[in-house]
Amino acid sequence: MRHFLHVFAILCLLTGANPSLASDVIYAPGSRIGLVPLIGLNPAKTFPGFETADQRVKVVVAELPVAAFRDVETVAKSNAADPRGLKPQGLETASGPGYFIVETAKNGEDNVRRYSMVISGGTFSGYVAAQVPENVGKIYSDEAVQKMFATVALRKEVPLEEQLGLLPFKLSELSSFKLIRTLTPGAVILLSDAETENNIDGSAFIIISPIGSVPERPDDRSRFARDVAATIPNLREGRITMSEPIRINGSPGFETRIDGTNTRTNTPVTVVQWLVFGSGKTAMRLIGSTPRNEWSDVFPRFRAVRDGILPR
């Protein structure tokens, strides 16, 4: 139930909106989740979802682990009662059955209606959340929001050009990686040799993401590189084999290599972490991981991706 009860955005007063639907499914930029929004809602600029021009009314979409849908489906089909009397209700959508709940809550001093729905995307769960102030409930009624939720559609892939176009940097070299997946639209991207998302940990992959609050003093960067390397997920028995400053495309950087074991596949892996320091306290972080017996073949590809990152 925790997947349903988490609402990502705070919605405020909506005035003058028409509760009718637009004509076509619109996918949130960089997301595999789309819907036919109610009139007045447009793709948001700062988060995956939709909002009004005054940025006060929002509908948020998110991709959750595949287990989220199964968990909610189990609750919906059971006789278990939630302490608050909430139970997911079935809803047929454009992409198959979903489950939604509606609840009344407080947002500060305002009474609000909250709507949440989850739907299976096969390899992920699609999640949609909305919140409507009580004083506009006649405009954005339960029926209107439910009709909007029924239009939710899932696409198998986000077009590559769309994913790359949202990034704050240019990625000019993909180095023959097969699977390209945005982890955080407009910020974090993964490239992998895996055929499907379920096999990523058993294949070579590289994750590229911005990172903030990095030390400005060169003398502090060695310790920082080791500290953040220790936070790499799904890695145990990690042993740093190299950690030293380098230049990357003319910018100061730091390379750290680690031998360890992937906790999900229980296989030996070699990991490289690059930090590319920018202006102020910002940096780009790249984490490449590959089965250890493939390191000599994959490392040049990791490096080609790294060297192909260009400013916009």
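FYI, it's all coordinate maths here, none of it is from the lab. Quantities reported herein were computed from a predicted structural model and do not represent experimental measurements. Cβ placement follows ideal geometry from the backbone for every residue including glycine, while neighbour counts extend to all protein chains displayed.
Below is a table of values for the structure above.
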| quantity | calculated |
| --- | --- |
| Estimated distance in nm for a label pair at residue 183 and residue 74, the labels positioned 7 Å out from Cα along Cα-to-Cβ | 2.6 |
| Ranked 58, 45, criterion: other C-beta atoms within 10 Å, fewest first | 45, 58 |
| FRET efficiency, residue 282 to residue 196 (Cβ-Cβ, R0 25 Å, nearest 0.05) | 0.15 |
| Rotationally averaged projected area of region 160-311 (alpha carbon convex hull; nm²) | 8.4 |
| Entry for volume of the Cα convex hull per residue in Å³ (calculated from the structure that is shown) out of (1) 341; (2) 180; (3) 164 | (3) |
| Total lysine pairs whose alpha carbons fall under 23 Å of each other in the chain (8 or more apart, or interchain) | 16 |
| Length gained when the stretch residue 25-residue 105 is fully extended (0.36 nm per residue, less Cα-Cα span) | 25.9 nm |
| Full-extension gain in nm, residue 226 to residue 92, via 0.36 nm per residue minus C-alpha separation | 43.3 nm |
| Nearest-20 debye value, the chain charge dipole, Cβ charges on Lys, Arg, Asp, Glu | 380 |
| The chain - mean residue ellipticity at 222 nm from DSSP helices (-39,500 (n - 2.57) per run, n ≥ 4, rounded to 500) | -5000 deg cm²/dmol |
| Range of Cα positions in region 70-226 per principal axis (Å), largest first | 57, 39, 31 |
| Ranking of 114, 32, 247, 155 by count of other Cβ atoms within 10 Å, fewest first | 247, 155, 114, 32 |
